[in-house]
Amino acid sequence: MAAKNSFYLTTPIYYVNDAPHIGHAYTTVAGDVLTRWHRAKGEQVWFLTGTDEHGEKVMNAAEKNGVTPQAWCDRLVEEAWKPVWKDLNIANDDFIRTTEVRHESRVQRFLQGLKDAGHIYLAKYEGPYCIGCEEFKLPGDLEEGKCKVHGRPVETLSEENWFFKLSAFVPALIERYTKHPESCEPTSARNEVLSFLHGEVKDLSISRSTFNWGIPVPWDTEQVIYVWFDALLNYATAIGLGDEPGSEGAKKFEEFWPANVHLVGKDILRFHAVIWPAMLMAAGLPVPEKIFAHGWLLVGGEKMSKSKLTGIAPKDITDHFGVDAFRYYFLRAIPFGTDGSFSWEDMGARYTSELANDFGNLASRITAMIEKYSGGTVPAVAHDAGLAKALTDAVEVADKSMLALDFQGGIGAIMEFCKKVNGYVTEKEPWAIAKDESRTVELNEVLYNTIESVRALAVLLHPVMPATCEILWQSIGADTAIGAIADQRISGISTWGQLPEGSAVTKGAVLFPRLEEAK
RNA sequence: GGCGGGAUAGCUCAGUUUGGUAGAGCAAACGGCUCAUAAUCGUUGUGUCCCGGGUUCAAAUCCCGGUUCCGCUACCA
């Protein structure tokens, strides 16, 4: 595969039977931070998110609310989903909805292609069916022959469905995950996938005839395409899957496919690591480079859920801590890939310690000192070998970690540097030097080295906390002196001495005010 | 039932591959400093390393057995 300078990342498309909670936001923020990091590396980035709008559950939710499925989706997308991403400062390049024509037509074309190539066949699906649930049940859904949900006996029903020859791709999938372990991470997730593949994998029923909220099977319009088959394709339809050579869509697809990373929650790992690549293989397309399954956010030790009143809306948290603290906290506190416990206490502790005391306060003390001791302008460029080295190391570790989706490690390295700068200031005691007029040169050096370190911190933390770092960037005069923060490159951060002498520094409002006891 | 992962300081966790006096951050206590957001810097303490056996000069680490939590998978039907 030719080395390309593009980076294509997707979040799952979220199922619109309800409003987003912090679990959805966790995935999307992670995607946003990672894509912002790649943009800061100068890569051509495409970041896709969207909504999954077909299927029986959406149809039922709409019915219960007395509206058509389309109206239901339109309302949730416009009033709940898109606004939340806007509030969280998510810089997605596209937002796909599976009810859009661009998606539906490409899905149909893709499916027709698979059928023409012989990967689709008609067969009778027979199994236990619960009238109450109006769906076929799996053995695990049953208890003593009765539906667990309704506690009533199931009937054996059969339905003619179209099947995808999933089983035919098992050997190729096993080979893929064995030879390219990085294509499914973390390791625990890959092992689960492999263990599943080594079991008995059955062909997949990809159509339904019991309801009609979905994309019609092109050659059998009595049936609609199974919602997962439809949904997975969004990653490719959004960038022009199957379009005429030479068209805009085809160019985009050429540029960005295969996706570099599909971020998924661990509950939907198998769809992405088994079904999706098999679909692509069947179509003769390259498979995604990496499926990354992150963990769940736990509240009180349990997976968040609406029914247990643990479904927290992002706004509940951002109203108190602010958007940037939200973005920071989950990626900083939880190793990506393992479950993590959310608690107001822990978030409050980390906010105070790391954002207010370490980072925010460092910005306050240096801007205040430059105003007080240097007339509000950056003094002559100076150099401190210790800080410069620490910065170089921090950038190196942070970059390596972020690229590996180790957000905790990456942010940790940056914050370690921040602490080091605080230590430098305390040790040099600029306030003491300032009392001796013969030591002005020395004083200016300390001030310069500190503000220059803050310049680097602003760029390093920009992908994680864009709004706050932008404010900081302005307040140290960097915007005027060296250009927009968004144009700064990771590779250039550790070049010492960028903030020029004379830049205007103003001590603005504190970046992360101390908060009253959380909740 | 099978496979896999976890149980370590008040809290979150690292350390277990390659045995050698038990670690980090946060919280706590004490000291320094006063540029800063009652901030920051330094120092300090903290442990039946889930339980019971075994191997060894020496076990959080290796072996056997058990408890408990979690994930994947299967089956009972």
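The values are calculated or read from the model by the stated rules, or taken from the named source; none is laboratory data. Model, not experiment: these values are computed from the prediction. Glycine gets a Cβ as well: all are built from the backbone with ideal geometry, and neighbour counts include every protein chain shown. Side chains included, ligands, DNA and RNA excluded: accessible areas come from the protein's heavy atoms. Shrake-Rupley method; radii C 1.70, N 1.55, O 1.52, S 1.80 Å.
Quick notes on this one:
- Rounded to 5, percent antiparallel among DSSP beta bridges of chain A: 50
- Efficiency of FRET from Cβ geometry, A:SER247 and A:THR156, R₀ 35 Å, rounded to 0.05: 0.15
- Full-extension gain in nm, A:ALA71 to A:ARG514, via 0.36 nm per residue minus C-alpha separation: 155.2 nm
- P(r) weight above 35 Å for chain A, C-alpha pairs, percent: 42
- Remark: chain A carries a charge dipole of roughly 360 debye about the Cα centre, counting +1 on each Lys and Arg Cβ and -1 on each Asp and Glu Cβ.
- Euclidean distance between Cα centres, the range A:417-449 to the range A:460-476, Å: 23
- Hits among aspartates and glutamates - C-alpha to C-alpha of A:LYS389 under 16 Å, sequence gap 8 or more where chains match: A:ASP399, A:GLU416, A:GLU452
- In chain A, the longest principal axis of the Cα atoms and the axis of helix A:22-39 are about 60 degrees apart.
- In this structure, the pairs whose alpha-carbon distance is over 18 Å, taken from A:LYS372/A:LYS419; A:LYS41/A:LYS420; A:LYS4/A:LYS290; A:LYS372/A:LYS435; A:LYS315/A:LYS419; A:LYS266/A:LYS315, are A:LYS372/A:LYS419; A:LYS41/A:LYS420; A:LYS315/A:LYS419; A:LYS266/A:LYS315.
- Residue-normalised accessible area of chain A, expressed per residue, 1.4 Å probe, Å²: 43
- Only the Cβ atoms of Lys and Arg (+1) and of Asp and Glu (-1) were treated as charged; on that basis the dipole of the range A:344-492 about its Cα centre amounts to roughly 140 debye.
- Modelled FRET efficiency - R0 56 Å, A:LYS202 with A:TRP431, Cβ distances, 0.05 increments: 0.15
- Per residue, the average separation of C-alpha pairs within less than 8 Å and at least 6 apart gives the range A:408-509 a relative contact order of 23 percent.
- Options A:GLY118, A:PRO186, A:HIS262, ranked by Cα towards positive dipole end of chain A, top entry (Cβ charges): A:PRO186
- Considering only A:VAL58, A:SER105, A:LEU76, and ranking their Cα positions along the charge dipole of the range A:56-120 that arises from unit charges at the beta-carbon of Lys, Arg, Asp and Glu, the one farthest toward the positive end is A:SER105.
- Under 12 Å, Cβ to Cβ, from A:TRP72 - net charge with Lys/Arg +1 and Asp/Glu -1: -3
- Rh (Kirkwood; distinct C-alpha pairs) - the range A:344-492, Å: 15.9
- Cut-off 14 Å between beta-carbons: net charge of the residues surrounding A:ASN5, Lys and Arg +1, Asp and Glu -1: +1
- By accessible area, using a 1.4 Å probe on protein heavy atoms only, the range A:344-492 has 50% of its surface on carbon and sulfur.
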